1. Using only Cα positions of the chain, each an equal point scatterer, no hydration layer, compute I(q)/I(0) via Debye at q = 0.16 Å⁻¹ and quote the log10 values to two decimals.
2. So what's the angle, to the nearest 10 degrees on a 0 to 90 scale, between helix 67-77 and the longest Cα principal axis of the chain?
3. What distance in nm lies between label points placed 7 Å from Cα along the C-beta direction at residue 98 and residue 41?
4. Looking at the chain only, what percent of DSSP beta bridges run antiparallel? Nearest 5 please.
5. Using alpha carbons only, how many degrees (0 to 90, rounded to 10) separate the axis of helix 2-22 from the longest principal axis of the chain?
6. If I model a spin label at residue 66 and residue 110 as a point 7 Å from the Cα along the Cα→Cβ vector, what separation in nanometres do I get?
Amino acid sequence: MENKEENNTTYLQLESEILKVIKEVFDPEIPVNVYDLGLIYEIDVDDYDNVEIKMTLTAPNCPVADSMPNEVKEKVKAVEGVNSVNVEMVFDPPWSASMMSEEAKLVLGYL
């Protein structure tokens, strides 16, 4: 039982560190990180510490379509304990301003 709790704590710490580094990635045209913008749709960490991320962009033809997903991947890959990272770009559902966090809406004047 103790080992299971220990593993759960380690998992939660890893998840927390992943979220922390994702919040360091900003869209260069918008002063809000990609997580609070609502561009990260899913973060999955498996039992082997492999990370799968589904993310989108504010628009499919966004100028950072190549660089931003790669930046997310490299930052997450650098987290201690992460084995591998795969970032999948998805456009369904399409991103909208309603996906932003309250904080992002406040910064961008939506509230």
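1. -0.73
2. 20
3. Going by the 7 Å Cα→Cβ label model, 1.6 nm.
4. Percent antiparallel among DSSP bridges in the chain is about 50.
5. Taking the Cα atoms of the chain, the angle to 2-22 is about 20 degrees.
6. About 2.9 nm separates the two model spin labels.
Throughout, read-outs are computed from the coordinates displayed, never taken from laboratory work. Worth saying up front: this structure is predicted, and the values here are computed from it rather than measured. Neighbour counts are summed over all protein chains in view; Cβ atoms, including those assigned to glycine, are modelled from backbone coordinates with ideal geometry.
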